[in-house]
């Protein structure tokens, strides 16, 4: 079966009710469910927001409110991203990334890794949460079902002597 690229060009969403952000999403497949208020894009998903943030994944599900504004985004499968948070640029990857619009919260799960591009600081863990509004960061190590033991979280950074 031949898959055609679907480009949702210049989709406008309003974040925090203050200003419009342009989001461009390109994927192989698109499905929308008006009753469930969700859209599912799959296959080579690429998301670009205002030339600042990019996201690549196998699938992204977008959940909307009654006014058709996005509540949260859930990207799964080979998630890779570059985002701007508080004027710092970060690269990262993991198995699943959830973004909750209302409180600007990112939750990265499964072999999670984030790197500050400028400082080269890196964080590794099973779950990394960034809450922009509260200015809080949390990294968790979760218990493995197979070994019943926890892997440690890891933070790598350089200091000037």
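Table for the structure above
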{"quantity": "Pair list, Cβ < 7 Å and 6+ apart or interchain, from the range 37-51 residues that are farther than 14 Å from residue 27 by Cβ to residues that are in a strand (DSSP E or B) and modelled with pLDDT under 90", "calculated": "49/21; 49/23; 50/21; 50/22"}
{"quantity": "Enumeration of residues in the range 118-140 that are at pLDDT 85 or above and loosely packed, with under 12 Cβ neighbours inside 10 Å", "calculated": "118, 119, 120, 133, 134, 136"}
{"quantity": "Sole residue being farther than 18 Å from residue 46 by Cβ, free of Cβ contacts under 8 Å to residues at least 40 places away in the same chain and under 12 Å from the mean Cα position of the chain (by Cα), chosen from 109, 134", "calculated": "109"}
{"quantity": "Any chance residue 32 is over 17 Å from the mean Cα position of the chain (by Cα), at pLDDT 90 or above and part of a strand (DSSP E or B)", "calculated": "yes"}
{"quantity": "The range 114-131: number of residues that are within 14 Å of the chain's Cα centre (by Cα) and more than 15 Å from residue 89 (Cβ to Cβ)", "calculated": "4"}
{"quantity": "Test: residue in the range 88-101 that is surrounded by fewer than 19 Cβ atoms within 10 Å (Cβ to Cβ), touching a strand residue (DSSP E or B) at 6+ places or on another chain (Cβ under 6 Å), free of Cβ contacts under 8 Å to residues at least 40 places away in the same chain and outside any strand (DSSP E or B)", "calculated": "no"}
{"quantity": "Some residue of the range 141-154 being farther than 21 Å from residue 44 by Cα, at pLDDT 90 or above and assigned to a strand (DSSP E or B)", "calculated": "no"}
{"quantity": "Residue 92 vs. criteria within 11 Å of the chain's Cα centre (by Cα) and farther than 15 Å from residue 25 by Cβ", "calculated": "yes"}
{"quantity": "Every residue from the range 48-68 that is farther than 21 Å from residue 78 by Cα, in contact with a strand residue (DSSP E or B) (Cβ under 7 Å, 6 or more places away or on another chain) and modelled with pLDDT of 90 or more", "calculated": "64, 65"}
{"quantity": "Conditions (1) free of Cβ contacts under 8 Å to residues at least 24 places away in the same chain; (2) in contact with a strand residue (DSSP E or B) (Cβ under 7 Å, 6 or more places away or on another chain); (3) at negative phi; number of the one not met by residue 28", "calculated": "(1)"}
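The values are calculated or read from the model by the stated rules, or taken from the named source; none is laboratory data. From a predicted model like this one, the values you see are computed outputs, not experimental measurements. For neighbour counting, all protein chains shown are included, and Cβ atoms are generated from backbone atoms with ideal geometry for every residue, glycine included.
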